[in-house]
Amino acid sequence: MRNLGVKVDIKKSYNKAEINGKKSTKKAFMLDINFEMENELVVLFGPSGSGKTTLFKCISGIIEPDNGIIVVGSNVYCDKDKKINIPIQKRNLGYVFQNDTLFPHMNVRKNIECGLKSLEKENRETRFMEVLDLLHIEELETRYPAQLSGGQKQRVALARALAPKPEILLLDEPFSALDTEIRTKLAKKIKTLQNKIRIPLLFITHNLEEAFLLASKILVLHGGKAQQFGTPEEIFYNPQNRHVAEIFGVSNIFDDAYVKEQDEESRSTILKSGSMQITVKYLNCRVRDEVCWGIHPENITLLSPESGFEDQNENLYLASINSIINKGPKKRITLKLVKHNKILNVEVPAQFIDPLKLHANDSCLVKLEMSKVVAFYCF
Amino acid sequence: MLDQIWFPLYLTFWIALVSSLLVLCSGVIIAYIFARRDFRGKKLAEVLITLPLVLPPTVIGYLLILLMGKNGFIGHMIYNVLGTGIMFTWQAAVIAAYTVSLPLMVRTTQAAIEAVDKELEYAAYILGRSEIETALVITLPLAKRGILAGLVLSFARSIGEFGATLMLAGNIQGKTNTMSISIYNAFQSGNDELAKVLVLILILMSLLAITLTGRFIGKLEA
């Protein structure tokens with residue numbers, strides 16, 4: 001049978017008064033998400049309050065969407081037009097919550113066995129040993145949650161979620177409470193796990209590194225809406241709008257630009273941004289369209305002032321340094337494009353910038369690599 | 001004299017035991033529904049259940065007579081089925097004790113259930129466990145201390161019940177004279193010795209109840 005993957009197309013709105021059924025200071029909120037995925041690892045990425053967890057609650061059945069459909073594999077979880085909304089218990093999914101939800105009064109074995117009751121009795125023990133082995137937690141079998149470290153807890157939670165052989169796995173910032181080192185280790189573990197079990201896996205994070213490490217695709221959320229869906233590189237270098245660019249750390253964004261010229265031959269687009277001219281990757285738009293452009297602070301190259309002159313056709317500009325902040329292995333430099341009155345924030349590894357011996361008020365040359373500059377319609 | 005102590009003591013314990021069992025079964029269910037369900041009239045139901053906590057026991061007794069008497073809604077049904085009334089029996093004393101102690105159980109248990117993280121229940125649902133199973137295996141075990149505290153409070157309240165019991169079960173020697181009522185009788189008839197002994201017994205029992213409750217509630221907060 002063809003594997004159908006996952007299809008989600010739902011809407012859910014909250015009035016101001018409705019959130020949690022109590023008076024709330026939160027604003028009215030509308031979740032409107034539409035995406036499809038295969039047996040792959042998709043990272044949901046977005047700021048807090050963007051609807052990531054609400055989406056998970058809809059998929060798992062904790063919340064019922066107002067309308068739309070949710071299909072996982074060959075099972076329709078929810079189809080509001082056909083009045084289908086399968087109860088939580090009948091949806092075969094694994095869910096690891098952001099907070100620790102191991103049952104505190106049960107040991108690891110009992111916790112995992114909670115998800116094995118639907119299996120035939122003689123298969124339970126085999127499956128139990130399988131998931132212990134899968135997550136390398138054999139030695140924790142008789143411990144209680146209070147006796148586990150943060151990393152161990154999340155591994156047990158993963159084992160418990162995987163025990164009933166779910167057809168989709170939802171992980172809601174499972175590692176947010178852990179140290180960076182364990183976090184990276186577990187993220188790698190998830191990656192290999194996904195290769196082994198081959199089920200659709202959705203992973204919420206707002207850690208960009210984690211997103212890049214894990215994702216085969218990223219779904220960017222903002223304000224309850226899916227902003228962009230694609231591979232990490234695709235989104236990072238071609239954000240579709242300002243929200244996406246900002247979420248991905250592009251802090252230098254200028255919205256005063258328009259398209260001056262389309263160069264079909266070299267597949268590039270020339271923008272005019274105030275007095276400044278900048279060449280970017282070919283942008284699918286018309287001449288004179290108003291657009292935004294931006295660049296990630298770590299993608300800006302600084303050159304010594306002796307190495308040349310301002311050359312706008314080469315995206316090479318003269319700048320003067322406002323301030324340099326030491327961030328350990330990195331330096332954060334704020335500089336001003338002298339002729340265009342534009343401020344840029346730059347982050348460079350200290351080893352690249354130290355030999356230039358730059359100080360505040362010094363001048364330098366700035367290179368904005370065409371392939372690294374992003375451009376998009378403002379809204 | 002021994003007989004005058006023994007019967008009220010036995011009767012009081014028996015009534016408190018039966019009442020507490022009823023309170024435990026119904027109180028936990030009511031508390032769970034209050035804590036986890038939303039329905040129309042929930043606020044009203046909560047107020048009605050809590051009302052005996054603030055009403056004078058004689059008023060409760062009077063209202064219960066209206067309900068349980070031969071012409072009352074429930075009393076009439078009982079009379080039709082059993083062929084006899086329920087007033088002035090130990091069962092009537094159980095009803096009085098049950099009514100006044102139920103709110104203590106419901107309030108304490110409801111608070112304890114509300115303190116259980118809902119995500120734990122969702123986690124159990126997602127693992128395929130039904131709501132009843134989850135309540136029995138996850139929610140109630142985690143609210144255990146609150147339930148026990150509520151039970152001890154209800155039991156103590158049942159033992160001390162006087163006003164509503166007097167109204168509903170009367171003051172019949174050898175039939176419905178509980179400890180509290182016997183103390184009143186002994187004092188009225190000038191039998192100070194007996195009154196003192198009964199008072200002492202009740203004080204000791206109450207101290208025990210408070211110590212137990214204190215321990216449960218202390219653990220609950222820890």
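The values are calculated or read from the model by the stated rules, or taken from the named source; none is laboratory data. Keep in mind it's a predicted model, so treat the numbers as computed, not measured. Positions of Cβ are backbone-derived with ideal geometry, glycine not excepted, and every protein chain shown enters the neighbour counts.
For the stretch A:121-152, name all the residues that are under 24 Å from the mean Cα position of the chain (by Cα) and within 23 Å of A:VAL42 (Cα to Cα).
Filtering the stretch A:121-152 for residues under 24 Å from the mean Cα position of the chain (by Cα) gives A:150-151.
If the condition is that a residue be under 24 Å from the mean Cα position of the chain (by Cα) and within 23 Å of A:VAL42 (Cα to Cα), then A:GLY151 is the only one that fits.
State the number of residues belonging to the stretch B:89-137 that are crowded, with 24+ Cβ neighbours inside 10 Å, in a helix (DSSP H, G or I) and at the interface with chain A (Cβ under 7 Å from one of its Cβ atoms).
Residues flagged as crowded, with 24+ Cβ neighbours inside 10 Å, in a helix (DSSP H, G or I) and at the interface with chain A (Cβ under 7 Å from one of its Cβ atoms) within the stretch B:89-137 amount to 3.
Run A:ILE70 past the list (1) outside any loop (DSSP other than H, G, I, E, B); (2) under 23 Å from B:GLU131 (Cβ atoms); (3) within 14 Å of another protein chain (Cβ to nearest Cβ) and report the number of the one that doesn't hold.
A:ILE70 satisfies every listed condition except (3).
I'd like the residue in the stretch B:2-58 that is free of Cβ contacts under 8 Å to residues at least 40 places away in the same chain and part of a loop (DSSP other than H, G, I, E, B) and, out of all such residues, is nearest to B:LEU102 (Cα to Cα).
Taking the candidates together, the pick is B:LEU55.
Pick from the stretch B:62-75 the residues that are in contact (Cβ under 8 Å) with a residue 12 or more places away in the chain and not in a helix (DSSP H, G or I): which of them is farthest from B:LEU166 (Cα to Cα)?
Filtering first and then ranking leaves B:LYS70.
Might you check whether a residue that is touching a Lys or Arg at 6+ places or on another chain (Cβ under 7 Å), within 14 Å of another protein chain (Cβ to nearest Cβ) and closer than 30 Å to B:ARG129 by Cβ occurs anywhere in the stretch A:204-211?
No, the stretch A:204-211 contains no residue that is touching a Lys or Arg at 6+ places or on another chain (Cβ under 7 Å), within 14 Å of another protein chain (Cβ to nearest Cβ) and closer than 30 Å to B:ARG129 by Cβ.
How many residues, within the stretch A:124-133, are surrounded by 18 or more Cβ atoms within 10 Å (Cβ to Cβ) and within 14 Å of another protein chain (Cβ to nearest Cβ)?
From the stretch A:124-133, those surrounded by 18 or more Cβ atoms within 10 Å (Cβ to Cβ) are A:127-128, A:131-132; that's our starting set.
Remaining after also requiring within 14 Å of another protein chain (Cβ to nearest Cβ): A:127-128, A:131.
The number of residues fulfilling the criteria is 3.
What tally of residues in the stretch A:139-185 results from selecting those that are crowded, with 19+ Cβ neighbours inside 10 Å and small (Gly, Ala, Ser)?
Of the residues in that region, 4 qualify.
Of the residues A:GLU347, A:GLU314, A:GLU310, only one is closer than 22 Å to A:THR269 by Cα and surrounded by 14 or more Cβ atoms within 10 Å (Cβ to Cβ); which? So that I can check it myself, show each step before the final result.
Numbers: A:GLU347 fails: closer than 22 Å to A:THR269 by Cα; A:GLU314 fails: surrounded by 14 or more Cβ atoms within 10 Å (Cβ to Cβ).
Criteria check complete, one pass: A:GLU310.
Suppose we keep only residues that are assigned to a loop (DSSP other than H, G, I, E, B), of a type outside the set (Gly, Ala, Ser) and modelled with pLDDT under 90 within the stretch A:298-337. Which one would you say is farthest from A:VAL374 (Cα to Cα)?
This residue is A:PRO329.
Those residues that are loosely packed, with under 14 Cβ neighbours inside 10 Å and more than 13 Å from A:ALA375 (Cα to Cα), I need them from the stretch A:252-272; list them, please.
Once the filter is applied, which keeps residues that are loosely packed, with under 14 Cβ neighbours inside 10 Å and more than 13 Å from A:ALA375 (Cα to Cα), the stretch A:252-272 yields A:GLU261, A:ASP263, A:GLU264, A:GLU265, A:SER266, A:ARG267.
If I filter the stretch A:126-134 for residues that are outside any helix (DSSP H, G or I) and closer than 16 Å to A:ARG155 by Cα, do I get at least one hit?
Among the residues of the stretch A:126-134, not one is outside any helix (DSSP H, G or I) and closer than 16 Å to A:ARG155 by Cα, which makes the answer no.
So, in the stretch A:90-123, how many residues would count as being in a loop (DSSP other than H, G, I, E, B), more than 8 Å from chain B (Cβ to nearest Cβ) and more than 18 Å from A:LEU169 (Cα to Cα)?
Residues flagged as in a loop (DSSP other than H, G, I, E, B), more than 8 Å from chain B (Cβ to nearest Cβ) and more than 18 Å from A:LEU169 (Cα to Cα) within the stretch A:90-123 amount to 4.
Does the stretch A:235-259 hold any residues that are touching a His at 6+ places or on another chain (Cβ under 6 Å) and either in contact (Cβ under 8 Å) with a residue 24 or more places away in the chain or part of a loop (DSSP other than H, G, I, E, B) (or both), and which are they?
A:GLY249, A:VAL250
Given the conditions (1) without any contact (Cβ under 8 Å) to a residue 40 or more places away in the chain; (2) at positive phi; (3) within 14 Å of chain B (Cβ to nearest Cβ), which single one is not true for A:HIS136?
The failed condition is (3).
Which residues, taken from the stretch B:166-187, are part of a helix (DSSP H, G or I) and within 17 Å of B:ILE5 (Cβ to Cβ)?
B:MET179, B:SER180, B:ILE181, B:SER182, B:ILE183, B:TYR184, B:ASN185, B:ALA186, B:PHE187
Out of curiosity, is B:PHE34 closer than 30 Å to B:LEU200 by Cα, among the aromatic types (Phe, Trp, Tyr) and surrounded by 13 or more Cβ atoms within 10 Å (Cβ to Cβ)?
No.
Report the residue count in the stretch A:139-186 for those that are on the phi < 0 side of the Ramachandran plot and either within 14 Å of another protein chain (Cβ to nearest Cβ) or basic (Lys, Arg) (or both).
Going through the stretch A:139-186 one residue at a time, the tally reaches 26.
State which residue pairs qualify: first residue assigned to a helix (DSSP H, G or I) and inside the stretch A:77-89, second residue acidic (Asp, Glu) in any location, beta carbons under 8 Å apart, and separation of 6 or more residues or different chains.
A:LYS80/A:ASP66
Quick check: is even one residue across the stretch A:34-43 surrounded by fewer than 21 Cβ atoms within 10 Å (Cβ to Cβ), within 14 Å of chain B (Cβ to nearest Cβ), touching a residue at least 40 places away in the same chain (Cβ under 8 Å) and not in a strand (DSSP E or B)?
There is no residue in the stretch A:34-43 that is surrounded by fewer than 21 Cβ atoms within 10 Å (Cβ to Cβ), within 14 Å of chain B (Cβ to nearest Cβ), touching a residue at least 40 places away in the same chain (Cβ under 8 Å) and not in a strand (DSSP E or B).
Within the stretch B:1-44, track down each residue that is more than 25 Å from B:ALA164 (Cα to Cα), aromatic (Phe, Trp, Tyr) and at pLDDT below 95.
B:PHE39
If the requirement is being surrounded by fewer than 23 Cβ atoms within 10 Å (Cβ to Cβ), within 14 Å of chain A (Cβ to nearest Cβ), touching a residue at least 60 places away in the same chain (Cβ under 8 Å) and assigned to a helix (DSSP H, G or I), which of these qualifies: B:LEU140, B:LEU148?
From the options B:LEU140, B:LEU148, the qualifying one is B:LEU140.
Can you pull out the residues in the stretch B:76-88 that are part of a helix (DSSP H, G or I) and in contact (Cβ under 8 Å) with a residue 60 or more places away in the chain?
Step one: of the stretch B:76-88, the residues part of a helix (DSSP H, G or I) are B:76-82.
Of everything in the stretch B:76-88, nothing turns out to be part of a helix (DSSP H, G or I) and in contact (Cβ under 8 Å) with a residue 60 or more places away in the chain.
Checking A:ILE353 against (1) within 18 Å of A:ILE253 (Cβ to Cβ); (2) modelled with pLDDT under 90; (3) β-branched (Val, Ile, Thr), only one condition comes out false. Which one?
With (1) within 18 Å of A:ILE253 (Cβ to Cβ); (2) modelled with pLDDT under 90; (3) β-branched (Val, Ile, Thr) applied to A:ILE353, the lone miss is (1).
Just checking, which of A:SER60, A:SER48 is surrounded by fewer than 15 Cβ atoms within 10 Å (Cβ to Cβ) and out of contact with any His (no Cβ under 6 Å at 6 or more places or on another chain)?
A:SER48
Among A:ILE190, A:ILE235, which is of a type in the set (A, V, I, L, M, F, W, C), surrounded by 18 or more Cβ atoms within 10 Å (Cβ to Cβ) and over 14 Å from the mean Cα position of the chain (by Cα)? Give the derivation first.
Numbers: A:ILE235 fails: over 14 Å from the mean Cα position of the chain (by Cα).
Exactly one residue qualifies, and that residue is A:ILE190.
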